[in-house]
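For reference, the structure is listed below as structure tokens.
Bear in mind that the values in this text are calculations on the coordinates, not laboratory data. Here the structure is a predicted model, which means the values were calculated and not measured. Glycine gets a Cβ as well: all are built from the backbone with ideal geometry, and neighbour counts include every protein chain shown.
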Amino acid sequence: MIIDWQRYKRFFTFGCSFTSYMWPTWADVVSKEMPDAEFYNFGISGSGNPLISYRIAEANNRYKFTDTDLVMVMFTTFCREDRWITDKSWVCGGNIFNNKYYSDEWVREFADEKGYMIRDAAIIDMTIKYLENIPATSYCMLSVPFVTNSEAPGNVKATTPYDIRAVYESTFNKFPSSMFELELRDSWKELEKDYTFTDGHPAPIRYYNYLKKIGLNLSDVSETYAKEMSVILKSIEVRNIVPVYYPEQDRNVSKSRELLF
């Protein structure tokens with residue numbers, strides 16, 4: 001996919017922690033192709049596809065996307081709960097089956113893997129069609145294949161979602177292969193090569209590699225940036241001091257969270 005980076009005056013990104021994190025993600029890598037464009041990273045760690053969709057709609061209503069805007073989205077896994085709580089903002093702790101905000105009793109009673117798949121397939125379908133009908137250029141990706149299960153605990157039977165995917169086949173066929181498939185070789189163990197501590201997020205160079213593999217025309221500028229940021233990450237021995245090395249990400253996340261609900 002060839003994109004004329006220079007035509008865009010604003011760059012909007014949406015997703016979970018694979019989009020906005022304490023070190024640079026694919027969104028930061030792409031932003032280096034448009035140094036003069038306003039950059040709004042509206043990803044939130046732990047968020048699900050419903051919240052991603054909510055924020056796309058809200059951003060469009062606030063900022064009125066135009067034909068000189070680029071909107072990029074990386075959708076996430078489906079077993080997630082997003083809730084707005086006054087004075088807490090968005091409460092979203094990632095996978096519902098490994099989530100500190102919900103009791104085991106609540107999860108047993110209300111968390112249904114197939115239900116989440118039905119919900120998210122419809123949300124992704126509507127979001128894609130929404131983006132196709134706005135003036136901005138949009139491009140959507142998947143962090144993992146939609147058919148990847150939730151890694152639910154043993155007392156919850158994982159559902160194979162191929163029947164649901166089939167209903168929305170025309171929408172999912174629009175996506176390139178996922179980050180998980182192309183850059184992690186279908187194994188989270190690949191991440192052990194990226195840093196010396198324990199985490200579950202790719203190094204910046206992996207995001208760059210993924211973007212190149214799906215056909216984005218990135219320059220040496222973004223490649224150099226991704227490599228330099230990854231070298232820094234590899235040198236950090238303790239996870240809790242990572243933000244010290246990436247103050248730009250802290251500012252970007254803080255700024256963006258102040259601009260939407």
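Given in Å, the Rg to one decimal and the Dmax to the nearest whole number for the Cα atoms of the chain are 17.9, 52. Straight-line cross-link reach from Lys174 at under 26 Å between alpha-carbon atoms covers these lysines, not counting any fewer than eight positions away in the same chain: Lys9, Lys32, Lys64, Lys114, Lys129, Lys212, Lys213. With each label modelled as a point 7 angstrom along the Cα→C-beta vector, the Ile134-Arg7 pair spans 1.7 nm. When the P(r) of region 3-135 is calculated, the portion above 27 Å amounts to 24% of the C-alpha pairs. Test of understanding: given the chain, find the longest segment containing no trypsin sites (Lys or Arg not before Pro) that are in a DSSP loop and have at most 16 other Cβ atoms within 10 Å. Here the longest run is 186-261.
Grab the DSSP H runs of the chain that are 4 residues or longer, score each as -39,500 (n - 2.57), total them, divide by all residues and round the 222 nm result to the nearest 500 deg cm²/dmol. My calculation for the chain gives -12000 deg cm²/dmol from helical runs alone. Extending 7 Å from Cα along the Cβ direction at Asn98 and again at Ser170 yields two label points whose distance is 3.7 nm.
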